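A quick write-up on the structure given underneath.
The values are calculated or read from the model by the stated rules, or taken from the named source; none is laboratory data. Note that the structure is predicted; figures quoted are calculated from it, not measured. Don't worry about glycine lacking a Cβ; one is built from the backbone with ideal geometry, like all the others, and counts go over all protein chains shown.
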Amino acid sequence: MTVSLQHRAIRDLLAGAVLIAAPTLAVFVAKGTQKPWIPDCPAYRQKGNPDAKVTIIEFSDFQCPDCARAARTVKEILTQYDPDIRLLMKYHPWWFHRWAKKTAIAAECAGKQGKFWEFSDLLFEKQGEWAQSNDVGKLMDSYAQSVHLNIHAHKKCREDPAVTAVVESDLKEAKDHWVDATPTFFINGVRVTGSGQLRREGIREIKRILER
Amino acid sequence: MRQSLAFILRIILGGVFIVAGFQHAVSPAQEFAAVIEAYSILPPSYILLFATILPWVELFVGIFVAAGYHTRFSAAMTGLLLLSFEAALISTKIRGVPLEHCGCFANAFPLTPLQTMALDPVLLGLAVLAFRHGRECMSLDRWIDQGR
């Protein structure tokens, strides 16, 4: 009887150990596949002092509501901590957001005409309008006009597969670094996700770096 | 036949928890923390800790249920988790908290809060079945009890 109970306890412990160890190992193996990263993006998607002590890399989706909220916080941070801060903006259009990719492409094309920030501000500001639209192309034309872009060049650029490839390359970069939520920020490499975390942990991290 | 069905349903229930837990566990905790924050239930200072622990609880409970290990306890745990998820979703609806997605499976399967509110009771039914009949077929519990 005692031997039998002992055997039962051994089987119980053995099964528990295997069931705990196997998924733990699987998670750590999956987590360990991140690739080395030297983040960069075109100059028109960068803001602030290039030699700043703090570099923020942002992965954003123009159709994500929290990205629009975070954009306001980012602006405040850039003003408050100038000239110690620099921002690099990267695209992360979600597949489940109908117009996310098209707007990222439109913003990239605005960037090629030197109006990336004006255009992206407008996209966040008018998110409620174009996100519900059935003809986003028409709205992109009107936004391009309102930030004084060359409409013809902008339209042509939006159809250029090379521009789509730029957006897709940012997405791949995000995937390689486990960016699976927007907005995601890397503040000198420290990850912060969402506008709430940016306001609390993000600003705390910036202050910590600047006080060093 | 009933035993085989109970086994299949137990695997489905465990599988859902394994997928959800694994997705959250491999992703940075900050991402799940942002999802939890959107529910506006927990105080911000506890969110990151909660976001670090919950995926592992989901993962282990899911594996225990699927394998039929301490089946009644693990099925009861899945039931409790499902009830708490449902309560959290209902509370966001009552308070008018806007949620784009429930965040249940990270962004791999972006379910809306309403879809999740419909799915949770179904899974709760599976949890009850697993609690009552989960040990009966191809469970580790049976293998452990063999020596009795």
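As a summary of the residue check, residue B:31 satisfies the conditions (1) under 17 Å from the mean Cα position of the chain (by Cα); (2) under 30 Å from residue A:177 (Cα atoms) except for the one numbered (1).
Got at least one residue in segment A:35-42 being more than 22 Å from residue B:67 (Cα to Cα), within 9 Å of chain B (Cβ to nearest Cβ) and either over 23 Å from the mean Cα position of the chain (by Cα) or modelled with pLDDT under 95 (or both)? Within segment A:35-42 (the criterion being more than 22 Å from residue B:67 (Cα to Cα), within 9 Å of chain B (Cβ to nearest Cβ) and either over 23 Å from the mean Cα position of the chain (by Cα) or modelled with pLDDT under 95 (or both)), the answer is no, since none of the residues qualifies.
Condition check: surrounded by 17 or more Cβ atoms within 10 Å (Cβ to Cβ) and of a type in the set (Ser, Thr, Tyr). Does residue A:142 satisfy that?
It is false that residue A:142 is surrounded by 17 or more Cβ atoms within 10 Å (Cβ to Cβ) and of a type in the set (Ser, Thr, Tyr).
Looking at A:85, A:77, just one residue is among the hydrophobic types (A, V, I, L, M, F, W, C), within 28 Å of residue B:52 (Cβ to Cβ) and away from chain B (no Cβ under 14 Å), and that residue is A:77.
Residues in segment A:1-26 that are within 7 Å of chain B (Cβ to nearest Cβ), more than 17 Å from residue B:73 (Cβ to Cβ) and at pLDDT below 90: A:4, A:7.
Selection over segment B:94-131 of residues that are in a helix (DSSP H, G or I) and in contact (Cβ under 8 Å) with a residue 60 or more places away in the chain gives a count of 6.
Reported count of residues in segment B:103-137, each being away from every other protein chain (no Cβ under 13 Å) and not basic (Lys, Arg), is 23. Among the residues of segment A:66-82, not a single one is under 26 Å from residue A:172 (Cα atoms), of a type in the set (Asp, Glu) and at pLDDT 95 or above. Of the residues making up segment A:166-195, those that are within 12 Å of chain B (Cβ to nearest Cβ) and touching a residue at least 60 places away in the same chain (Cβ under 8 Å) are A:174, A:177, A:178, A:179, A:182, A:183, A:184, A:185, A:186, A:187, A:194, A:195.
The helices (runs of 4 or more DSSP H) falling completely within segment A:37-155 that include 2 or more residues that are among the acidic types (Asp, Glu) map to A:65-80, A:116-125.
Checking each residue in segment A:124-139 for being under 15 Å from residue A:101 (Cα atoms) and surrounded by 12 or more Cβ atoms within 10 Å (Cβ to Cβ) picks out A:124, A:127, A:130, A:131, A:133, A:136, A:137, A:139.
Anything in segment B:87-127 that is surrounded by 16 or more Cβ atoms within 10 Å (Cβ to Cβ) and over 16 Å from residue A:182 (Cα atoms)? List them, or say none.
Selection gives B:88, B:89, B:92, B:113, B:116, B:117, B:119, B:120, B:123, B:124, B:126, B:127.
Would you point out which residue out of B:38, B:51, B:6 is at the interface with another protein chain (Cβ under 9 Å from one of its Cβ atoms), over 13 Å from the mean Cα position of the chain (by Cα) and not acidic (Asp, Glu)? Result: B:38 is the single residue among B:38, B:51, B:6 that is at the interface with another protein chain (Cβ under 9 Å from one of its Cβ atoms), over 13 Å from the mean Cα position of the chain (by Cα) and not acidic (Asp, Glu).
In segment B:61-90, the residues that are at the interface with another protein chain (Cβ under 10 Å from one of its Cβ atoms) reach residues that are among the basic types (Lys, Arg) and in a helix (DSSP H, G or I) with C-beta atoms within less than 8 angstrom, at least six apart or across chains, in these pairs: B:66/B:10; B:68/B:10; B:68/B:142. Could you count how many residues in segment B:1-56 are free of Cβ contacts under 8 Å to residues at least 12 places away in the same chain and part of a helix (DSSP H, G or I)? Of the residues in that region, 10 qualify.
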